[in-house]
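Reviewing the structure listed below.
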Amino acid sequence: MAEANSTSDAVSYGYEGEVALICIDNPPVNATGIAVREGLVAAVKAINEEAKAKAIAIYCAGRTFIAGADIREFGKPPKMPSLTEVLNDLEASAIPTVSIIHGTALGGGYETALATHARVGMKGAKFGLPEVLLGIIPGAGGTQRLPRVSSVGFALDIAVSGRHAPVEEGFEKGAIDRIVEPGDPREIAIAMGQEVIAGTLPTRRTDQIEAKADPEAISNTLAMVQKKNPHLINLAECVKAIEAATLPLAEGLAKEREHFMTCMNSPQRSGLIHAFFGERAVSNIPEAKGDTRPLDKIGVIGGGTMGSGITTSCLLAGIPVRLIEVQQEGLDRGVATITKNLDGAVSRGKMSQDKRDAALAMLEPSLAMEDLADVDLVIEAVFEKMEIKKDIFGKLDTICKPGAILASNTSYLDVNQIAEMTNRPQDVLGLHFFSPAHVMRLLEIVQGAKTAPDALATGFALAKKLKKVGVLAQVCDGFIGNRILGHYGKTNAYLVLDGASPQQVDTALEAFGFAMGPNKVGDLAGLDIGYMTRQRKKEEGMDPNERYAGDVADKICENGWYGRKTGKGYYMYETGAPVPNPEVEKIIDDVRAEKGITPKDFSDQDIVDRYMTAMIAEATRVVEDGTAKRPVDVDMVFLFGYGFPRFRGGPLHYADTIGAKELVARMEEYAKEDPHYWQVPELLRKMAADGTTFADMNS
Ligand code: 3HC
């Protein structure tokens, strides 16, 4: 779609009677990259100079109005004109302007609409200022113009939450001036331009509107963001910028710029934008594309926590599920868990009662594995024992229809061995969900040696349907996430053995940005899981050079303290909030005495450095040996499956902020104490020598 006169590759203008039309066409989402900025400023100037029009209507081609500034330009040398300058020129247009919103008007897109003199939204369209989710704040007038056309309170709501709001809500709050039935944006632009000329669609200029101060909303929001998200600097910067909206517009815009630049220069911005693109990059690979198989009906084997969570997730996505258990009691428990999960979604306002009923109606519980004969995909989620899994896959091979995909939710076991139990290893893969599976967004898609390309691509199609982030992983013990966890998790144990307390480790890592320290996580997940894994590894035979990390945790478990579910673990939970368990202190003292360890002092920084360095070491090896395709895949596994602080972008994005040289130096220093544990990955040595970064390996 284009008008007669082009002012850049992305912008054109033309006339319909006395209405000038500006069309922005910059796929995929009409972001305000340099071509849009140059073109828009030139079009507004030309239309004003030609003086043929009495109104200017701006509309977009394609699926959406402008979805924001072009994030890919961030962190690069700025190209002028800036969006702020463009929008100041737009607002100053002597000819009144109107914007026509379809799809989403987000960030710089909604700011463009705010700089026009009236905003028209098509029913169903959304608008918002989601900049805070990228570590910045609205930087092209959003914090100044929204409080003027609406209110300080509404601007705080929209800009601090970053939510995409319906235009209908915006209309009620003054943020949108007219709602129209959806239609062709150009036709609506002509009609609205004519209404502007007729005076039936009023226009306003924000430099002529004063924002009413709301000190209470400002201080409440500031307190809320500092309590809820103490790590994120941009939220408070956003509130302060909105506070400045009571100043004259030019002064307010200058203040907004200062706050914007503080955020733009922060590493949090780079981490959050890495997360934005990373989430999309993991499925932007050849393995995720191409032909897929149907996913009309799914079978889940196992009604335990994982199986019930996976079933819930499928039902929420509208996919019918046959749930198989061996005994009625287990089946009833599974159905009860699924019902509870769905009821939880209703009570949290995530779904309506009707939808919950419809989801539950798609569940078919059964005790007969033969009932899986017609499903398109089976996800096995039973106890983590190879013999049991092999038995199930042997049976599935005889029961399931040709072409059905047979997936295991194993967290550690060898998918190739499981596949060999069938005559169709090409149909077998791993689909590793994270608990609670209906909440956690990560799905590791594990490619077996013989998995067919269309079976693998169907794994990604499933992730998309379930609104999960699918990440490709190769077979190894623990795949990407649990393998790395298996390594760095030991640092926590070593720190405690050598002198830190479990609480100090937790507090240091929570200050770094983790929602919970590793010992609190252990208590929450159940310490028995780690105990069983250590027993399994002991049975398989441990490397004699490895320092055993389980002395303290084993003794805690042997007391029957498995964490929250037993009321006690590293912490005690009698009063709700965790209180350090004094008996654990005694266990630690005893173990240290038994091993002849003289406790050392660790600073909080030491704790973070060792923990993160160990995580990065194994993450590097996972990239080096191809278990993960690229560093960004590891990063997304940690953001979406392990509670890694999003603003740090992931372990390998964070590693780039430290630098390979420093990481190698640290590992060599720590290796003086434990050379077996602190081995430097070859890839990291190479990076230290030639100056490459993990980011270089993503492109
Ligand atoms: N800049 C550059 N590329 C963008 C982009 C942006 N603002 N928004 C989306 N894209 C790209 C995506 O990376 C993706 O590229 P790919 O196909 O190569 O992977 C493509 O556009 C399509 O995006 P999605 O896959 O996300 O498509 P959806 O239809 O699912 O979602 C959307 C569309 C709701 C617009 C979603 O992309 C989105 O939320 N985008 C970000 C919006 C945003 O945060 N805007 C604010 C930007 S910052 C700003 O404006 C600063 C200003 O105040 C100065």
**Request:** Return the percentage of antiparallel bridges among DSSP beta bridges fully within the chain, rounded to the nearest 5 %.
**Result:** 30 percent
**Asked** What ranking, highest mean first, results for peptides 136-142, 593-599, 615-621 when packing means the other Cβ atoms within 10 Å averaged over each residue?
**Response** 136-142, 615-621, 593-599
**Qualifying trypsin sites (Lys or Arg not before Pro) in the range 438-478, DSSP loop, other Cβ atoms within 10 Å at most 13** = LYS467
**Prompt:** Helix 249-264 versus the longest principal axis of the chain: what is the Cα-based angle in degrees, 0 to 90, to the nearest 10?
**Reply:** 20 degrees
**Asked** Computed over the Cα atoms, what is the radius of gyration of the chain divided by 2.2 N^0.38 Å, N being its residue count?
**Response** 1.07
**Spin-label pair GLN535/LYS76, simplified geometry with 7 Å Cα→Cβ offset, distance in nm** = 5.7 nm
**Dipole magnitude of the range 286-476, debye to nearest 20 (Cβ charges: Lys/Arg +1, Asp/Glu -1, about Cα centre)** = 720 debye
**Item:** Contact order relative to length of the range 254-378, as percent, for alpha carbon pairs under 8 angstrom and 6 or more apart
**Value:** 29 percent
**Length-normalised contact order of the range 137-188 in % [C-alpha pairs under 8 Å, at least 6 apart]** = 27 percent
**Request:** Output the Kirkwood hydrodynamic radius of the range 5-265, Cα pairs only, in Å rounded to one decimal.
**Result:** 18.0 Å
**Item:** Charged-residue dipole, Cβ positions (Lys, Arg, Asp, Glu), the chain about Cα centre, Debye nearest 20
**Value:** 540 debye
**Request:** Calculate, in whole percent, how much of the Cα-Cα pair population of the range 482-698 lies beyond 22 Å.
**Result:** 52 percent
**Efficiency of FRET between LYS45 and GLN208 - r from beta-carbon atoms, R0 22 angstrom, step 0.05** = 0.50
**Message:** If I model a spin label at ARG547 and ASP291 as a point 7 Å from the Cα along the Cα→Cβ vector, what separation in nanometres do I get?
**Reply:** 5.4 nm
**Message:** What translational diffusion coefficient, to the nearest whole µm²/s, does the range 618-699 have by Stokes-Einstein, given a Kirkwood radius computed over alpha-carbon pairs, a temperature of 20 °C and 1.002 mPa s viscosity?
**Reply:** 164 µm²/s
**Prompt:** How long is the gain from GLU181 to ALA336 if the chain were fully straight, where each residue apart is worth 0.36 nm and the alpha carbon distance is subtracted?
**Reply:** 51.4 nm
**Complete:** Rounded to one decimal in nm, the spacing of the 7 Å Cα→Cβ label points at GLU251 and ASP696 is 5.0 nm
**Asked** Normalised by the number of residues in the range 5-265, what is the relative contact order in percent for Cα pairs under 8 Å and 6+ residues apart?
**Response** 18 percent
**Request:** Determine which residues of the range 167-191 fall in the zone a paramagnetic label at THR200 would reach in this model, i.e. backbone nitrogen under 11 Å from the point 7 Å along Cα→Cβ.
**Result:** 191
**Asked** What's the FRET efficiency of ASP604 with ILE658 using the Cβ-Cβ distance as r and R₀ = 22 Å, to the nearest 0.05?
**Response** 0.85
**Asked** Please report, for the Cα atoms of the range 586-628, the Rg to one decimal and the Dmax as a whole number; what are they, in angstrom?
**Response** 15.8, 43
**Prompt:** Considering only DSSP states other than H, G, I, E and B, which chymotrypsin sites (Phe, Trp or Tyr not before Pro) in the range 364-422 qualify as loop sites with at most 11 other Cβ atoms within 10 Å?
**Reply:** PHE383
**Request:** Express as a percent, rounded to the nearest 5, the fraction of DSSP beta bridges in the range 103-238 (both residues included) that run antiparallel.
**Result:** 25 percent
**Request:** Take the range 286-476, drop everything but the C-alpha atoms, weight them equally and run the Debye formula without solvent; then report log10 I(q)/I(0) at 0.17 Å⁻¹ to two decimals.
**Result:** -1.05
**Asked** Too long at a 22 Å Cα-Cα cut-off: which of LYS468/LYS568; LYS355/LYS467; LYS173/LYS212; LYS297/LYS450?
**Response** LYS468/LYS568; LYS297/LYS450
**Message:** Run lengths n ≥ 4 of DSSP H only: what is the helix-derived mean residue ellipticity at 222 nm for the chain, with -39500 (n - 2.57) per run over all residues, to the nearest 500?
**Reply:** -15000 deg cm²/dmol
**Prompt:** Rounded to the nearest 20 Debye, what is the dipole magnitude of the range 1-90 about its Cα centre when Lys and Arg each give +1 and Asp and Glu each give -1 at the C-beta?
**Reply:** 240 debye
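Quick note: the coordinates plus some simple rules give every number you see, no bench work behind them. This structure is a prediction, so every number in the text was calculated from the model and none was measured. FYI the Cβ positions are ideal-geometry reconstructions off the backbone, even for glycines, and counts take in every protein chain you see.
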